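Engineer: Would you mind keeping the following structure in view while I ask a few things?
The values are calculated or read from the model by the stated rules, or taken from the named source; none is laboratory data. Note that the structure is predicted; figures quoted are calculated from it, not measured. Here the Cβ is made from the backbone with ideal geometry for all residues, glycine too, and neighbour counts use every protein chain on show.
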Amino acid sequence: MPTVLVTGGAGFIGSNFVRHLLATDPQARVVTLDSLTYAGNLANLADLAGNPRHTFVKADITDRAAVRAAVGAGVTDLIHFAAESHVDRSIQDSGPFVRTNVLGTQLLLDAAREFGVKRYVQVSTDEVYGTLGPTGLFTEETPLQPNSPYSASKAAADLLVRAYHHTFGMDVVTTRCSNNYGPYQFPEKLIPLFLTNLMNDEPVPVYGDGMQIRDWIHVLDHCRGVEAAWRKGKAGEVYNFGGRCEMPNLELTKLLLRLLGKPETLIRYVKDRPGHDRRYAIDCSKAERELGWVPQVPFDRGLAETIAWYRANAAWVAGIKNKDYLGYYEKQYGKL
């Protein structure tokens with residue numbers, strides 16, 4: 001019976017993974033470790049309250065003692081989602097990104113090694129590869145050429161993971177994924193920001209000419225990929241996950257406007273972000289070949305379900321907007 005420590009499990013992708021694993025593996029126990037920063041929200045895990053196979057630990061991955069206590073309490077496997085991840089914030093101040101993404105990863109690796117964790121999974125991003133021209137795809141052999149402080153901190157963390165495998169023989173696997181979308185995504189990222197703005201007839205900001213291209217994958221397809229890498233991946237290997245759904249940001253914006261019945265006059269073109277990568281696109285054939293993984297959620301269906309989720313969860317959105325979620329745990333369970 002595995003006991004899996006999931007860092008960042010109260011965030012967007014992490015909470016979806018925790019829910020997915022508990023729903024699909026009746027033997028698994030999950031320990032969610034999250035510091036509940038601005039993007040960590042225990043309301044994301046409200047449906048797991050009282051689940052005997054789920055435990056929540058409030059801790060910062062840069063706190064060595066807290067990390068050792070969590071990992072040393074019978075954890076068999078560690079899946080590391082926790083990260084500062086918003087590029088704009090990293091441009092404003094890279095310090096928290098270096099601290100959390102690099103130092104936090106080092107402390108987790110140290111604890112995993114100390115307590116004999118069977119497998120460590122590093123959940124990373126396609127942004128470590130840099131940017132593509134009009135053609136070509138990122139593969140696992142693409143050189144790391146990060147272009148933002150955020151992606152540089154993730155690349156540094158990935159290299160630490162690689163080093164611990166080669167130096168200490170640790171059983172590690174690294175996953176890199178394209179842009180996620182789906183339920184529970186914090187509304188600073190493109191799709192939930194635009195959805196929540198448009199539902200209130202508020203304008204949406206489009207950087208530059210809006211022709212930056214991203215590859216979109218539903219969060220549950222990503223979660224299935226991370227699980228497959230954990231269970232079936234080869235030690236020391238990297239696996240890319242993507243949705244094979246490339247789309248310019250402006251095209252996506254106009255699609256959201258049409259689906260919500262809003263006018264294009266709500267588009268606001270703003271000054272482009274410094275160092276904005278032009279195109280990301282993933283070759284996920286290695287994951288398909290070695291892990292038996294394939295994306296299962298078509299973009300049109302996934303986007304429609306995502307829109308329906310945000311419409312049905314207005315209270316969750318309102319709690320994010322007015323920051324009520326920051327006190328959710330205390331309201332439900334008392335002081336930590």
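Engineer: Look at the range 105-132 and say how many of its residues are farther than 21 Å from G225 by Cα and buried (at least 21 other Cβ atoms within 10 Å of the Cβ).
Structural biologist: Within the range 105-132, the subset farther than 21 Å from G225 by Cα is 106-116, 130-132.
If we keep only those that are buried (at least 21 other Cβ atoms within 10 Å of the Cβ) too, we end up with 108-109, 111-112.
Here the count works out to 4.
Engineer: Follow-up. Cβ-Cβ under 6 Å, sequence separation 6+ or interchain: first residue in the range 11-39 and under 23 Å from V317 (Cα atoms) and without any contact (Cβ under 8 Å) to a residue 40 or more places away in the chain, partner buried (at least 23 other Cβ atoms within 10 Å of the Cβ) and among the hydrophobic types (A, V, I, L, M, F, W, C). Which pairs?
Structural biologist: V18/V6; V18/V30; T32/V6; T32/V18
Engineer: Take the range 169-195 and flag every residue that is among the hydroxyl-bearing types (S, T, Y) and part of a loop (DSSP other than H, G, I, E, B). Lay out the reasoning, then the answer.
Structural biologist: If we filter the range 169-195 for residues that are among the hydroxyl-bearing types (S, T, Y), which is where we start, we get 174-175, 178, 181, 184.
Within the range 169-195, S178, Y184 meet the criteria.
Engineer: Among the residues of the range 20-51, write down those that are farther than 26 Å from L109 by Cβ, out of contact with any helix residue (DSSP H, G or I) (no Cβ under 6 Å at 6 or more places or on another chain) and assigned to a helix (DSSP H, G or I).
Structural biologist: Passing the criteria: A23, T24, A46, D47, L48.
Engineer: Being among the small types (G, A, S) and either surrounded by fewer than 19 Cβ atoms within 10 Å (Cβ to Cβ) or under 22 Å from R89 (Cβ atoms) (or both) is the filter here, so list the residues in the range 1-46 that pass it.
Structural biologist: Going residue by residue through the range 1-46, those that are among the small types (G, A, S) are 8-11, 14-15, 23, 28, 35, 39-40, 43, 46.
Listed by number, the residues that qualify are G8, G9, A10, G11, G14, S15, A23, S35, A39, G40, A43, A46.
Engineer: I've got another one for you. Within the range 233-251, count every residue that is surrounded by 21 or more Cβ atoms within 10 Å (Cβ to Cβ), under 22 Å from L109 (Cβ atoms) and small (G, A, S).
Structural biologist: Of the residues in that region, 1 qualify.
Engineer: Within the range 198-232, which residues are more than 20 Å from the chain's Cα centre (by Cα), buried (at least 19 other Cβ atoms within 10 Å of the Cβ) and farther than 24 Å from R278 by Cβ?
Structural biologist: The answer is L198, and nothing else.
Engineer: So which of K254, K286, K262 is modelled with pLDDT of 95 or more and closer than 30 Å to K234 by Cα?
Structural biologist: Details: K254 fails: closer than 30 Å to K234 by Cα; K262 fails: closer than 30 Å to K234 by Cα.
Answer to the check: K286.
Engineer: Filter the range 289-299 for residues that are under 21 Å from the mean Cα position of the chain (by Cα) and loosely packed, with under 15 Cβ neighbours inside 10 Å and give the result.
Structural biologist: Pass one, the range 289-299, residues under 21 Å from the mean Cα position of the chain (by Cα): 291, 293-299.
Scanning the range 289-299 gives V294, Q296, P298.
Engineer: Which residue, of R64, R99, is of a type outside the set (D, E), touching a helix residue (DSSP H, G or I) at 6+ places or on another chain (Cβ under 8 Å), over 20 Å from V121 (Cβ atoms) and modelled with pLDDT of 95 or more? Reasoning before the result, please.
Structural biologist: On the way: R99 fails: touching a helix residue (DSSP H, G or I) at 6+ places or on another chain (Cβ under 8 Å).
Of the residues listed, the single one that is of a type outside the set (D, E), touching a helix residue (DSSP H, G or I) at 6+ places or on another chain (Cβ under 8 Å), over 20 Å from V121 (Cβ atoms) and modelled with pLDDT of 95 or more is R64.
Engineer: Shifting gears a bit: Just name the residue that is farthest from G169 (Cα to Cα) out of those in the range 219-248 that are touching a helix residue (DSSP H, G or I) at 6+ places or on another chain (Cβ under 7 Å) and either of a type in the set (F, W, Y) or without any contact (Cβ under 8 Å) to a residue 60 or more places away in the chain (or both).
Structural biologist: The extreme case among them is C245.
Engineer: Here's a follow-up. Residue check: is T175 touching a His at 6+ places or on another chain (Cβ under 9 Å), at negative phi, surrounded by 19 or more Cβ atoms within 10 Å (Cβ to Cβ) and not basic (K, R)? So that I can check it myself, show each step before the final result.
Structural biologist: Values: touching a His at 6+ places or on another chain (Cβ under 9 Å): yes; at negative phi: yes; surrounded by 19 or more Cβ atoms within 10 Å (Cβ to Cβ): yes; not basic (K, R): yes.
Yes: the conditions hold for T175.
Engineer: Restricting the search to the range 24-44, which residues are within 15 Å of L5 (Cα to Cα) and in contact with a strand residue (DSSP E or B) (Cβ under 8 Å, 6 or more places away or on another chain)?
Structural biologist: Residues satisfying the conditions are A28, R29, V30, V31, T32, L33, D34, S35.
Engineer: Do any residues in the range 278-303 that are hydroxyl-bearing (S, T, Y) have Cβ atoms under 6 Å from those of residues that are assigned to a helix (DSSP H, G or I), where the two are at least six apart or on different chains, and which pairs are they?
Structural biologist: Y280/D126
Engineer: Can you tell me how many residues within the range 69-85 are of a type in the set (S, T, Y) and within 16 Å of D110 (Cα to Cα)?
Structural biologist: At the first step, the residues of the range 69-85 found to be of a type in the set (S, T, Y) are 76, 85.
Next cut, within 16 Å of D110 (Cα to Cα) only: 76.
Result for the range 69-85: 1.
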